[in-house]
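Participant: Sharing a structure below in structure tokens format, with a few things to ask.
The values are calculated or read from the model by the stated rules, or taken from the named source; none is laboratory data. Since we're looking at a predicted model, the values are computed, not measured. Counting neighbours? That spans all protein chains shown, and the Cβs are built from the backbone with ideal geometry, glycine included. Surface areas here come from the heavy atoms of the whole protein model, side chains and all, with no ligands, DNA or RNA. Shrake-Rupley method; radii C 1.70, N 1.55, O 1.52, S 1.80 Å.
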Amino acid sequence: MPYVLPDWVAELTDPRRAETMEELADRLVPLAEQAIDVSKRLQEQLALMNAPFETEALHGLIEVLHTRTAQAFTEVDAEIEGNVRERLERILEHAGGRPRLRELLAAELLPVLEKQQRLTLEHIGARTAGAVQSAARTLLDRTGELSEAATEMVHQVLPAAQEGLTLAGRVSQLAGRVRKAGRGPIPEALALEAAELAGDCEEALARLELEWSVIGARSSTVRAALRGVEESAFSEVTQAIAECVAELAPEHIRVLNETEDRALELIAER
């Protein structure tokens with residue numbers, strides 16, 4: 001359903017409906033303001049589109065990648081540490097209520113478990129560092145391509161924003177002349193000039209409003225694409241971490257099992 005405004009809106013904003021000099025000046029003022037408004041909104045959209053590609057914002061993307069990676073690595077670290085701790089507790093449980101045996105088991109087997117934990121995390125850390133470098137390169141490459149496209153759009157639309165300001169200047173100049181001309185009926189030449197300018201404004205403003213709508217949609221798409229690039233980069237890192245953990249798991253479990261078997265041997269000897 002179309003959005004309909006009251007009839008008096010056009011009556012008070014269309015210079016072509018003016019019958020006196022006062023009415024003509026009154027209708028030219030909001031017309032200039034409308035041209036300034038759409039130009040301002042266009043410039044704001046262009047600034048919004050360009051903002052994510054500023055140096056500080058790009059550095060922020062990389063920092064976020066590193067921060068999220070550090071959080072993911074910390075979670076893996078905590079999981080491995082918990083796994084080793086649980087295995088140590090299970091080993092010590094075999095000693096029952098014999099404190100000296102528990103001390104012996106801890107002294108001999110804890111270094112083995114800690115070494116295994118350290119080696120596992122070193123391997124995962126190295127793989128993670130490589131994945132972050134690769135993901136950061138991909139992120140910057142894709143962001144660079146997107147920046148070029150966004151910059152091209154900005155350059156294409158900037159003249160339109162300037163056109164609106166130029167149009168507002170023409171309207172304001174005419175309004176000033178009308179104010180200076182005094183009161184009374186509108187001279188035919190001035191009426192024709194005002195009608196022609198109103199027609200130019202009507203055409204230009206409709207085009208600029210459409211441009212504003214289109215660039216707004218493009219700006220939204222650019223921001224969504226940047227978000228997608230960020231998530232893709234982080235997924236690349238987490239995938240590398242998951243693959244590394246899966247590759248190291250058999251060896252890690254083997255060492256834990258052998259350590260527990262060694263504990264049982266020590267207990268049997270006692």
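Participant: If you take the charge dipole of the stretch 111-168 about its Cα centre, with +1 on Lys and Arg Cβ and -1 on Asp and Glu Cβ, which of LEU146, ILE124, PRO159 is farthest toward its positive end?
Facilitator: So the residue furthest toward the plus end is ILE124.
Participant: Another question, then. Using packing as a proxy for protection, rank 19-29, 140-150 so that the peptide with the highest average count of other Cβ atoms within 10 Å comes first.
Facilitator: Details: 19-29: 17.9, 140-150: 15.5.
Highest mean packing first, the order is 19-29, 140-150.
Participant: What is the angle, in °, between the Cα long axis of helix 55-93 and the longest principal axis of the Cα atoms in the chain? Nearest 10 is fine, range 0 to 90.
Facilitator: The answer is roughly 20 degrees.
Participant: If each of ALA246 and ARG170 carries a label point 7 Å out from its Cα toward its Cβ, how far apart are those two points in nm?
Facilitator: Label-label distance for ALA246 and ARG170, simple model: 6.5 nm.
Participant: What accessible area per residue, rounded to a whole number of Å², is obtained for the chain using a probe radius of 1.4 Å? Before the final figure, lay out each step's value.
Facilitator: Numbers: 16060 Å² over 270 residues.
Normalised by residue count, the accessible surface of the chain is 59 Å².
Participant: For the chain, what is the charge dipole size about the Cα centre, in debye to the nearest 20, if Lys and Arg each add +1 at the Cβ and Asp and Glu each add -1 at the Cβ? Could you put the intermediate results ahead of the total?
Facilitator: On the way: 29 positive and 48 negative charges, 102 e Å.
Around 480 debye, computed over the chain.
Participant: If you put +1 on each Lys and Arg Cβ and -1 on each Asp and Glu Cβ, how big is the dipole of the stretch 24-74 around its Cα centre, in Debye rounded to 20?
Facilitator: 140
Participant: Gap in Å between the Cα centre of the stretch 91-105 and the Cα centre of the stretch 39-55?
Facilitator: 68
Participant: Oh, and also: Taking θ = phi - 60°, what integer Hz values does the Karplus form 6.51 cos²θ - 1.76 cosθ + 1.60 yield along the stretch 6-21, in sequence order, with x for Gly and Pro?
Facilitator: Rounded to whole hertz, the list is x, 4, 5, 4, 5, 4, 9, 10, 9, x, 5, 9, 6, 10, 10, 5.
Participant: Please determine, in degrees from 0 to 90 and to the nearest 10, the orientation of helix 188-269 with respect to the longest principal axis defined by the Cα atoms of the chain, where the helix direction is its Cα long axis.
Facilitator: The angle comes out near 0 degrees.
Participant: For the pair ALA126/SER232, report the inter-label distance in nm, with labels modelled 7 Å from Cα in the Cβ direction.
Facilitator: 3.0
Participant: Which one of VAL171, GLY184, ALA206 is farthest out on the positive end of the charge dipole of the stretch 159-211, using unit charges on Cβ (Lys, Arg +1; Asp, Glu -1) and the Cα centre as origin?
Facilitator: Of the options given, the answer is GLY184.
Participant: Give me the extension gain from VAL4 to VAL112: residue separation times 0.36 nm, minus the current Cα-Cα distance, reported in nm with one decimal.
Facilitator: Computed gain between VAL4 and VAL112 is 31.0 nm.
Participant: Calculate how steeply helix 99-181 sits against the longest principal axis of the alpha-carbon atoms of the chain, using the helix alpha-carbon long axis, and give the answer as 0 to 90 degrees to the nearest 10.
Facilitator: With both axes taken from Cα atoms, the answer is about 0 degrees.
Participant: Grab the beta carbon distance between VAL29 and VAL64, set R0 = 45 Å, and tell me the FRET efficiency rounded to 0.05. Mind dumping the intermediate values first?
Facilitator: Details: r = 47 Å, r/R0 = 1.05.
Efficiency at R0 = 45 Å is approximately 0.45.
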